[in-house]
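The values are calculated or read from the model by the stated rules, or taken from the named source; none is laboratory data. All figures in this text were calculated on a predicted structure; none of them were measured in a lab. All Cβ positions, even for glycine, are placed from backbone atoms using ideal geometry, and neighbour counts span all protein chains on display.
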Amino acid sequence: MIGIVATIKTKPGQGAAFEEVAQALAREVNANEPGCLLYVLCRAEEPDTYVFMERYKDEAAVEAHRAAPHFKEYGRKMGEFMDGRPSVQRLKDV
């Protein structure tokens, strides 16, 4: 299993717009990526900060996610509201 925690900062005042696009992405991932076992958007306690918690069955599922048309489309849209690049941490089960 592979876990990913992606922390995203949004530009001030852009949280609601970001959430709309990010939630649409989460719906697409959960409906269309059988190798993705968890894909959840969370709002952090820190202002203008969001976290995607992700869990994949294997590396092939991670690659399928990155190659998915919905990931590319919504990723571009989310970028408009982001304040810099996301911080991505990859995790493996122990």
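So, in segment 36-94, of the ones that are outside any strand (DSSP E or B) and aromatic (F, W, Y), which residue ends up surrounded by the most Cβ atoms within 10 Å (Cβ to Cβ)? Outline the logic, then answer.
Going residue by residue through segment 36-94, those that are outside any strand (DSSP E or B) are 44-48, 57-81, 83-86, 93-94.
This time we only want the ones that are aromatic (F, W, Y), so: 71, 74, 81.
Numbers: F71: 17, Y74: 20, F81: 22.
Looking at the filtered set, the residue picked out is F81.
What pairs come out if I take residues in segment 32-51 that are within 20 Å of V62 (Cα to Cα) and pair them with residues that are surrounded by fewer than 12 Cβ atoms within 10 Å (Cβ to Cβ) and acidic (D, E) whose C-beta lies under 8 Å away, six or more apart or interchain?
What qualifies is G35/D58.
Just to be sure I understand, how many residues within segment 1-23 are surrounded by 16 or more Cβ atoms within 10 Å (Cβ to Cβ) and in a helix (DSSP H, G or I)?
Residues meeting the conditions: 5.
With respect to V29, is the statement that it is touching a residue at least 24 places away in the same chain (Cβ under 8 Å), crowded, with 17+ Cβ neighbours inside 10 Å, in a helix (DSSP H, G or I) and in contact with a Lys or Arg (Cβ under 7 Å, 6 or more places away or on another chain) true?
Values: touching a residue at least 24 places away in the same chain (Cβ under 8 Å): yes; crowded, with 17+ Cβ neighbours inside 10 Å: yes; in a helix (DSSP H, G or I): yes; in contact with a Lys or Arg (Cβ under 7 Å, 6 or more places away or on another chain): no.
Judged against the criteria, V29 is not a match.
Looking at segment 52-65, I want the residues that are within 13 Å of A26 (Cβ to Cβ) and modelled with pLDDT of 95 or more and have a partner that is outside any helix (DSSP H, G or I) and of a type in the set (D, E, K, R) with Cβ atoms under 8 Å, at least 6 apart or on another chain. Which pairs are those?
H65/E33; H65/E54
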